[in-house]
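Peer 1: Got a structure here, written out as structure tokens. Questions coming.
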Amino acid sequence: MFGFFSESLKSTTNPVQTLFALNAKTFETLAQQQTELWTGMLSDGVKYVEQVSVQPEIKTILAANNEYASSVRERWVTTSRATFETLSALREQATDSVEEAVEKTSEAAQAKTSEANESVSTSAKKVTKQAQSTAKAVSQSAKQATQATADASEKTAEAAEKAGEKTTQSVSKAADKATSASQSTASSAKKPASGSRRNTADTKSATSGKATSTKSTR
């Protein structure tokens with residue numbers, strides 16, 4: 001960007017420098033023309049005085065006056081034409097220089113504008129590509145996260161199911177053990193009861209036998 005401003009400054013100062021050079025050259029030309037004019041007029045005046053002083057007659061004076069006036073008129077006309085031509089050339093050259101500078105500046109500005117547009121377009125394309133790649137990466141990450149979550153959910157469900165099955169099996173085994181223990185306790189309690197019944201029956205038979213023998217003795 002600094003280079004562009006530097007080039008613009010140079011292209012802007014070039015016509016100014018050209019105009020200064022043209023003005024200097026024009027002033028030099030005009031000064032030369034005016035010097036020639038006044039030098040010629042002085043020379044004609046000296047010549048006029050010499051003619052009048054040598055032959056102070058009326059005819060000589062009138063002829064010298066006509067010659068001097070004609071010479072001065074020609075010199076003024078010639079110098080005026082040369083001055084007009086010089087100023088016209090200066091105007092044309094200044095106009096051409098300014099137009100050329102404006103065209104160059106416009107072309108440089110258009111070139112820099114097109115370069116800036118291309119740079120912006122390239123940057124926009126790069127940003128778009130980066131955004132698309134980022135979106136793809138985010139989409140892939142989301143898919144991976146979803147898949148990982150689904151896998152974790154499945155594993156958790158399987159682990160819970162297995163844990164439930166193990167718990168059910170453990171409870172079932174504990175219930176079976178408890179049932180077996182209850183049955184063994186009940187069978188142990190029934191055996192002493194039958195023995196006591198037998199002892200009671202034996203006692204009753206012995207008592208009845210004693211009573212019978214007592215009666216027979218009587």
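The values are calculated or read from the model by the stated rules, or taken from the named source; none is laboratory data. The structure displayed is predicted, hence computed values, not measured ones. Because the Cβ atoms are built from the backbone with ideal geometry, glycine has one as well, and the counts that use them run over all protein chains shown.
Peer 1: Taking segment 24-46 as the region of interest, how many residues are more than 16 Å from Glu74 (Cα to Cα) and not polar (S, T, N, Q)? Before you say what the answer is, go through the steps one by one.
Peer 2: Taking segment 24-46 first, the residues more than 16 Å from Glu74 (Cα to Cα) are 24-32, 46.
From the residues that got through so far, the ones that are not polar (S, T, N, Q) too are 24-25, 27-28, 30-31, 46.
Summing the residues that are more than 16 Å from Glu74 (Cα to Cα) and not polar (S, T, N, Q) in segment 24-46 gives 7.
One line per residue, one yes/no per condition, for (1) basic (Lys, Arg); (2) modelled with pLDDT of 65 or more; (3) touching a Ser or Thr at 6+ places or on another chain (Cβ under 6 Å):
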position	(1), (2), (3)
Thr128	no, yes, no
Glu154	no, yes, no
Gly164	no, yes, no
Lys177	yes, yes, no
Ser184	no, yes, no
Ser196	no, no, no
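Peer 1: Working carefully through the options Thr86, Thr95, find the one that is exposed (fewer than 11 other Cβ atoms within 10 Å of the Cβ), within 60 Å of the chain's Cα centre (by Cα) and β-branched (Val, Ile, Thr). Steps first, please.
Peer 2: Numbers: Thr86 fails: exposed (fewer than 11 other Cβ atoms within 10 Å of the Cβ).
Every option except Thr95 fails the conditions.
Peer 1: If you don't mind, another one. Go through segment 69-121 and report how many residues are under 25 Å from Ser43 (Cα atoms), charged (D, E, K, R) and touching a helix residue (DSSP H, G or I) at 6+ places or on another chain (Cβ under 8 Å).
Peer 2: 1
Peer 1: I need the full set of residues from segment 21-44 which are over 30 Å from Glu67 (Cβ atoms) and at pLDDT 85 or above, in order please.
Peer 2: Ala21, Asn23, Ala24, Lys25, Thr26, Phe27, Glu28
Peer 1: Mind checking which residues of segment 64-83 are surrounded by 14 or more Cβ atoms within 10 Å (Cβ to Cβ) and of a type outside the set (S, T, N, Q)?
Peer 2: Result: Ala64, Glu67, Tyr68, Val72, Arg75, Ala82.
Peer 1: Among the residues of segment 82-108, write down those that are in contact with a Leu (Cβ under 6 Å, 6 or more places away or on another chain) and either small (Gly, Ala, Ser) or not in a helix (DSSP H, G or I) (or both).
Peer 2: The one that is in contact with a Leu (Cβ under 6 Å, 6 or more places away or on another chain) and either small (Gly, Ala, Ser) or not in a helix (DSSP H, G or I) (or both): Ala94.
Peer 1: Take the residues in segment 48-61 that are under 25 Å from Leu37 (Cβ atoms) and of a type outside the set (S, T, N, Q); name whichever of them is surrounded by the most Cβ atoms within 10 Å (Cβ to Cβ).
Peer 2: By that ranking, first place goes to Tyr48.
Peer 1: Looking at Val52, is it part of a helix (DSSP H, G or I), of a type outside the set (D, E, K, R) and at pLDDT below 90?
Peer 2: Numbers: part of a helix (DSSP H, G or I): yes; of a type outside the set (D, E, K, R): yes; at pLDDT below 90: yes.
The answer is yes for Val52.
Peer 1: So, one more: Looking at segment 21-37 only, could you name the residues that are surrounded by 12 or more Cβ atoms within 10 Å (Cβ to Cβ) and either acidic (Asp, Glu) or more than 60 Å from the chain's Cα centre (by Cα) (or both)?
Peer 2: Selection gives Gln32, Gln33, Gln34, Glu36, Leu37.
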